[in-house]
């Protein structure tokens, strides 16, 4: 797989996008990255491996701890490849889809 | 000289948790988050065949004319903005029933493929903006 494909694959999964979102705020330890996700630790490890392969995260040893941090550079490559209308419509339809998911969830709770 | 401009087509598909009729109506209701008319600074919308729309967002005007409005299956309208360089592009949205849900397909065709459209800076800002949004720390980015 070429590098762009690795990056696109890495950001195609909601959990991995959420991890990027967490790490964009600041570096974190593995368990802190895993904590908000309702998924097994080995699944988180796999997600991190894919992000690492895409160059979107890096690990740095600080004393006895390993800190995972976000690297934004590969996203520039994607940003230049995707047309603004592709981003625009994807973003709009994401919001639209989310609105109906939440609506159905509320209806089922009643 | 006969100058032809290269154009691109954008296709986006989502499965929406509602019936085609509900999704169709919501797509034309400016109050529903995610449709093109939502969060406008100014909006004139007449969603009937040969009806026009004017949509202003962040100082960027968008104009178009509805060419097909067939509830609950299909909506088509033209779309012109600064980003289409004055060219009339076409947006076609179809809604197909799939069990309890609706498969919604949006095709935006005839878009001039320019460097500006693929702007690195714009794209970069987009990525920076969507991350806080996922965690409820920012407002959705609009164009």
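The values are calculated or read from the model by the stated rules, or taken from the named source; none is laboratory data. It should be emphasised that the depicted structure is a prediction, and the values quoted were computed from it without experimental measurement. Note: ideal-geometry Cβ built from the backbone for every residue, glycine included; neighbour counts use all protein chains shown.
Using the structure shown, decide if residue B:112 is touching a helix residue (DSSP H, G or I) at 6+ places or on another chain (Cβ under 9 Å), in contact (Cβ under 8 Å) with a residue 24 or more places away in the chain, over 17 Å from residue A:89 (Cβ atoms) and surrounded by 16 or more Cβ atoms within 10 Å (Cβ to Cβ).
In short, no.
Evaluate the following for residue B:118: is it outside the structural domain of residue B:21 (by TED's automatic domain parsing) and either modelled with pLDDT of 90 or more or buried (at least 16 other Cβ atoms within 10 Å of the Cβ) (or both)?
For residue B:118, the condition - outside the structural domain of residue B:21 (by TED's automatic domain parsing) and either modelled with pLDDT of 90 or more or buried (at least 16 other Cβ atoms within 10 Å of the Cβ) (or both) - is met.
List the number of the failed condition for residue B:87; all other conditions in (1) away from chain A (no Cβ under 13 Å); (2) modelled with pLDDT under 95; (3) not in a strand (DSSP E or B) hold.
(1)
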